[in-house]
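The values are calculated or read from the model by the stated rules, or taken from the named source; none is laboratory data. What you see is a predicted model, and the numbers here were worked out from it, not measured in a lab. Positions of Cβ are generated from backbone atoms using ideal geometry, with glycine treated the same way; all protein chains shown enter the neighbour counts.
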Amino acid sequence: TLYQSADAAAAKTSRTKYDYIIVGAGAAGGVLANRLSEDSTKKVLLIEAGSSDYNNTNIRIPWLAPALTGSTFDWNYTTTPQVGLNDRSIGYARGKVLGGSTSINYMIYTRAAEDDYNRWASVTGDSGWNWNNMFKYFLKLEDFTNSPQVVSASTKFVPSLHNTTGPLGAGLPEVTLATDNIGLQAQQQLSAEFAYNQDVNSGNMIGFSWTPFSIQNGARSDSARDYIQPALSRSNLDVIVNAQVTKVVQTTTSGKTPVVRTVQFQTGSGGKSYSLTANREVILSAGAIGSPQILLLSGIGPVAQSKSLGIKSLVDLPDVGQNLQDHPLLTTNFQVSSSDTLDNLITNTTFQTEQLAQWEATQTGDFTLGACNQWAWERLPSNDTIFKSVSDPSSGPTAPHYQLIFSDLYIAFAGGSRPDGHFLTLISNLYTPVSRGNITLRSTNAFDYPIINPGLLSDKGGFDIHAMTEALKAGRRFLSAPAWKSWIVGEFGDSASAQTDAEIESFIRQNALVVNHVSGTVGMGKANTIAKGSGALNPDLTVKGVIGLRVVDASAFPFIPAAHTQVPTYALAERAADLIKACD
Ligand SMILES: Cc1cc2nc3c(=O)[nH]c(=O)nc-3n(C[C@H](O)[C@H](O)[C@H](O)COP(=O)(O)OP(=O)(O)OC[C@H]3O[C@@H](n4cnc5c(N)ncnc54)[C@H](O)[C@@H]3O)c2cc1C
């Protein structure tokens, strides 16, 4: 049953003994709510701070994704002034709705690199996190179904690497853009640098490839529609929306170890506070900002921080809120001579109205598109000078250092007025950051946002700014291929005059934003060692030093994968569901 508030649910929740209480209904929370309620003998409660409006048109129509950032579906966090970004504070989006960030994200669908998972396995000492074992979860979670037209162009993906019977809809873009052929020709002309990769989700991400999305039948797939909604008819699953968990509380003690199976939650800052205790486990899936915030509010974190705020320390866990990693992003724009670009969807209101009507009638047309049809994921050459002073932060040769997205329109995430004309946007992003940031409490009030410092481009060795610079230069090389001659007129705006490395670096520091992949803030590590840097979670995602509490979401990544993070989170949660069920 879906309840619209903590108060509306109270009559039911006060007489139900839940086996599992899951906090947060994003990528991970949706998977857990579904998988744990498959066993009809287990009672499951899912608590979400946002609304249940996941069928909102802006959520369902892929092309409207940009409208979701800054909307009521976004927590609308802001970072601290970022030293690496010339002291700019930037917006930090996080989904606040049933579906979490999967309902406001850009739907890009990447599993990450084989080496990324193998590194998780080696860092935790648990081979269950390696690529070979995780592969079954990539298959389990997906319904990678494409139209016959895309399937027949079988060079666009490798069908044998995919499943078509899982819950989460995904596939390749169904609309052909004028730039698609040019991109392919450019790849062939520059194949020594940009090899063709038939499937970015094979485990080896390197090269130029087609972009898969969590889009199916022209609409967004997310954890709300594909995991939570199908489970809502089960009598053993209750979901409360508009209810924020304020902390977890010690329930009892086992030997000397605190048992933490109690959650407190309320509707809004002035709402009545409720407390519920799970029979088996409380699972935090509140995301890489929400989960560490709840732990810190509960006295599970660095003891000095608890003390300074007057919070009773339950366990001194130095890594909670630390190790934050994210992917810095840069957009640069190129003016094009053609008028056949997706800029028309923004500037030509007649065309826009037609396309919207087409989507509403048949879920086809340009409104089914995501940010790009093609991209490239590349590594710095192994003889790059930076490796003389900095050891390679990537997990291995299958993982890219950077990503180049080629978008068929003018995009400027920072806002500002849109110039007239037609454009191609290069989005060049760093995927193996050395920089680390953190999350700390601003106060003991759960409704005060925590202090978020992602530490973007702040690493002392300068790897991150160097790799960002090389990424932009590589993107420019790709767009200088002969195939683009008749399309691209030239680089547009301030970036055009940034030519030397020093000029590019200063342009990046003044303009870079973030891909919104916050990860690692309650990272897993080897079992049972709680020293600083050894992880806040055991390899099975249980919180070190307490009993009854797990964290299952992107907080748990010890290293951010060199990829967009929703599929890694879904897959982590699929495995977590099996680990939890195995405790029976
Ligand atoms: C704007 C944007 C674009 C992105 N684009 C992409 C993309 O194209 N491809 C991709 O792979 N990834 C993308 N991501 C990242 C991806 O969506 C996340 O990595 C993924 O959703 C993380 O899942 P999660 O379960 O850790 O957290 P989330 O999905 O963020 O879910 C956490 C949930 O917990 C809830 N919550 C938080 N605190 C509390 C509390 N105290 N009480 C109750 N509930 C709480 C939140 O409201 C939210 O619903 C994007 C993210 C954003 C924000």
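Within segment 96-112, residues that are within 27 Å of Val245 (Cα to Cα) and in a loop (DSSP other than H, G, I, E, B) have Cβ atoms under 6 Å from residues that are of a type in the set (Phe, Trp, Tyr) and within 7 Å of the ligand (Cβ to nearest atom) in these pairs: Lys96/Trp75, counting only partners at least 6 apart in sequence or on another chain. Just one of (1) within 26 Å of the chain's Cα centre (by Cα); (2) touching a residue at least 24 places away in the same chain (Cβ under 8 Å); (3) surrounded by fewer than 21 Cβ atoms within 10 Å (Cβ to Cβ) fails for Asp448. It is (2).
Please pick out the residue among Ala573, Ala474, Ala554, Ala562 that is among the hydrophobic types (A, V, I, L, M, F, W, C) and away from the ligand (no atom under 16 Å from the Cβ). So the residue among Ala573, Ala474, Ala554, Ala562 that is among the hydrophobic types (A, V, I, L, M, F, W, C) and away from the ligand (no atom under 16 Å from the Cβ) is Ala474. Regarding Phe213, is this residue aromatic (Phe, Trp, Tyr), more than 16 Å from the ligand (Cβ to nearest atom) and on the phi < 0 side of the Ramachandran plot? No. Going by the structure shown, is Thr542 in contact (Cβ under 8 Å) with a residue 24 or more places away in the chain and out of contact with any Pro (no Cβ under 7 Å at 6 or more places or on another chain)? Judged against the criteria, Thr542 is not a match.
Criterion first (farther than 21 Å from Thr565 by Cα and aromatic (Phe, Trp, Tyr)) does Tyr77 satisfy it? Against the criterion (farther than 21 Å from Thr565 by Cα and aromatic (Phe, Trp, Tyr)), Tyr77 does not qualify.
For residues that are among the β-branched types (Val, Ile, Thr) and not in a loop (DSSP other than H, G, I, E, B), scanning just segment 47-92, find the one that is farthest from the ligand (Cβ to nearest atom). Break it down stepwise before answering.
First pass over segment 47-92, keeping only residues among the β-branched types (Val, Ile, Thr): 47, 57, 59, 61, 69, 72, 78-80, 83, 90.
Filter again for not in a loop (DSSP other than H, G, I, E, B), leaving 47, 57, 59, 78, 83.
On the way: Ile47: 5, Thr57: 17, Ile59: 12, Thr78: 14, Val83: 23 Å.
Restricting to residues being among the β-branched types (Val, Ile, Thr) and not in a loop (DSSP other than H, G, I, E, B), the top hit is Val83.
Quick one: in segment 302-330, which of the residues that are of a type outside the set (S, T, N, Q) and at positive phi is nearest to the ligand (Cβ to nearest atom)? Full working, then the answer.
Taking segment 302-330 first, the residues of a type outside the set (S, T, N, Q) are 302-304, 307, 309-312, 314-321, 324, 326-330.
Applying the additional criterion that residues be at positive phi yields 310, 321.
Numbers: Gly310: 20, Gly321: 14 Å.
Top of the filtered list is Gly321.
All but one of (1) away from the ligand (no atom under 13 Å from the Cβ); (2) at pLDDT 95 or above; (3) in a loop (DSSP other than H, G, I, E, B) hold for Gly270; which doesn't? (2) is the only condition that Gly270 fails. Evaluating Gly475 against the criteria (1) part of a helix (DSSP H, G or I); (2) farther than 30 Å from Asn86 by Cβ leaves one unmet condition, (2). Scanning segment 47-72 for residues being touching a Ser or Thr at 6+ places or on another chain (Cβ under 9 Å) and over 24 Å from Tyr274 (Cβ atoms) gives a total of 8.
For segment 515-552, what are the residues that are on the phi > 0 side of the Ramachandran plot and either at pLDDT 95 or above or surrounded by 24 or more Cβ atoms within 10 Å (Cβ to Cβ) (or both)? I'd like the intermediate steps shown before the answer.
Looking only at segment 515-552, we keep the residues that are on the phi > 0 side of the Ramachandran plot, and these are 516, 520, 528, 533, 535, 541, 545, 548.
Listed by number, the residues that qualify are Asn516, Gly520, Gly533, Gly535, Leu541, Gly545, Gly548.
Reported count of residues in segment 354-370, each being within 28 Å of the chain's Cα centre (by Cα) and among the small types (Gly, Ala, Ser), is 2.
The set of residues from segment 238-264 being within 16 Å of the ligand (Cβ to nearest atom) and either outside any loop (DSSP other than H, G, I, E, B) or at pLDDT below 95 (or both) comprises Asp238, Val239, Ile240, Gln244, Val245, Thr246, Lys247, Val248, Val249, Thr262, Val263, Gln264.
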